[in-house]
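Contents: one structure, followed by commentary.
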Amino acid sequence: MSVAENLNAIDKTISKICKKRSYDKHDVELVAVSKRQPLDKIKALLDSGHLTFGENIIQDAIQTWEKSGFIDQYPDLKLHFIGSLQTNKAEDAVLLFDVIETVDRPKLVDAIAKASEKHEKSVECYIQVNTGDEPQKSGVLPADLDDLVKYAKNTNLNVTGLMCIPPQNEPSALHFAFLKTLAERHGLKNISMGMSDDFEKAINLGATHIRIGTAIFGERSSEASSER
Ligand SMILES: *Cc1c(COP(=O)(O)O)cnc(C)c1O
C-alpha cells in the first residue's frame, strides 16, 4: 500500500472511533512521524494533502524539511518536535517547529522562551510527562508537573498541552487515562498520546494528537537523513 492509502485507512479508523464516541473528528489531529523516512515517501504524503509532521532530532529535521525545500514549497506545513531537546538546540527548534511537545525542565523552558522572544516567534509547547516514573526516560515526573506548569506560565511560554510515551512493558491505557486526568487538572486542551500500535486506545481515552510513523511509512531506516 502507498503512504496515502495507509493514511486513508488510519483516517477512516479515526473517523469511526470519533463517531462512536460522539467526538468531533477535527478534535483529533494526526501527526505523521517522518523521522528516518525517505524524502519520496514524505513528498507523497505532502502531495496527498497531509501537512502535519513530527520529527525527533533537530539536525535531521533541518535536513528533511529545510534543505529539501519542503518548508518553502508547503507554507502551511505544521511541524511538531517530539524528541528530547537539548537547551543549545532550543533556538533551532523554535525557528523550525510550530509545536514543541517535549518541554520537561525549567532550563528548557527558559531556553525556548528566550529564543521565542529573540525571534519574535511564539511556539506552542506541550509538557512531556514521564507517566511511568522511568529513570532513563525524558519527561517531567508527575509529582513535579504542577511546579513546571507554573514555572512555564510565569515565563509566558505558550503551554497548551501534555504529551507522554508510556513504558513499553505496561498497558498503555493506564498511562493514557492518567495523562488525560493531568491535562484536565491543569486546564490544558491538547493531549498527545498514542502511536502506530495503540492510537485507537489513545483516541478512546481522549487523545487530541496521535503520533504515527511506521503505520503510515513502513519501517524506518537505521540511519538519520543527515547521514544518508
Ligand atoms: C518515533 C516516534 C513515534 C512514532 O512511532 P511509530 O511506532 O512508528 O508510530 C511517536 N512518538 C514518538 C515520541 C516517537 O519518537
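Kindly indicate whether K153 is within 18 Å of the chain's Cα centre (by Cα) and either open to solvent by 40 Å² or more (accessible area, probe 1.4 Å) or among the hydroxyl-bearing types (S, T, Y) (or both).
Taking the combined requirement at face value, the residue does not satisfy it.
If you scan segment 119-137, which residues turn out to be surrounded by fewer than 15 Cβ atoms within 10 Å (Cβ to Cβ) and in contact with a strand residue (DSSP E or B) (Cβ under 8 Å, 6 or more places away or on another chain)?
S122
Just give me the residues in segment 159-204 being open to solvent by 40 Å² or more (accessible area, probe 1.4 Å), among the aliphatic types (A, V, I, L, M) and under 17 Å from the mean Cα position of the chain (by Cα), in sequence order.
Residues satisfying the conditions are I165, M195.
Taking L145 as meeting all but one of (1) open to solvent by less than 80 Å² (accessible area, probe 1.4 Å); (2) over 15 Å from C125 (Cβ atoms), write down the number of the exception.
(2)
Quick one: which residue in V99, V103 is buried (at least 21 other Cβ atoms within 10 Å of the Cβ) and in contact (Cβ under 8 Å) with a residue 40 or more places away in the chain?
After applying the criteria, what remains is V103.
Residues are listed down the side, and each one gets a yes or a no for (1) modelled with pLDDT of 95 or more; (2) open to solvent by less than 80 Å² (accessible area, probe 1.4 Å); (3) within 15 Å of the ligand (Cβ to nearest atom):
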position: N6; (1), (2), (3): yes, yes, yes
position: T13; (1), (2), (3): yes, yes, yes
position: K16; (1), (2), (3): yes, no, no
position: K25; (1), (2), (3): no, yes, no
position: E29; (1), (2), (3): yes, yes, yes
position: A32; (1), (2), (3): yes, yes, yes
position: K35; (1), (2), (3): yes, yes, yes
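Of all residues being within 9 Å of the ligand (Cβ to nearest atom) and among the β-branched types (V, I, T) in segment 196-223, which is nearest to C18 (Cα to Cα)? Just the residue, please.
If we take residues in segment 196-223 being within 9 Å of the ligand (Cβ to nearest atom) and among the β-branched types (V, I, T), then I210 is nearest to C18 (Cα to Cα).
Give me a count of the residues in segment 137-172 that are within 16 Å of the ligand (Cβ to nearest atom) and assigned to a helix (DSSP H, G or I).
1
The values are calculated or read from the model by the stated rules, or taken from the named source; none is laboratory data. Bear in mind the structure is a predicted one, so any value in this text is a computation, not a measurement. Note that each Cβ is placed from the backbone with ideal geometry, even for glycine, and that neighbours are counted across all protein chains shown. Accessible surface areas use protein heavy atoms only, side chains included; no ligands, DNA or RNA. Shrake-Rupley method; radii C 1.70, N 1.55, O 1.52, S 1.80 Å.
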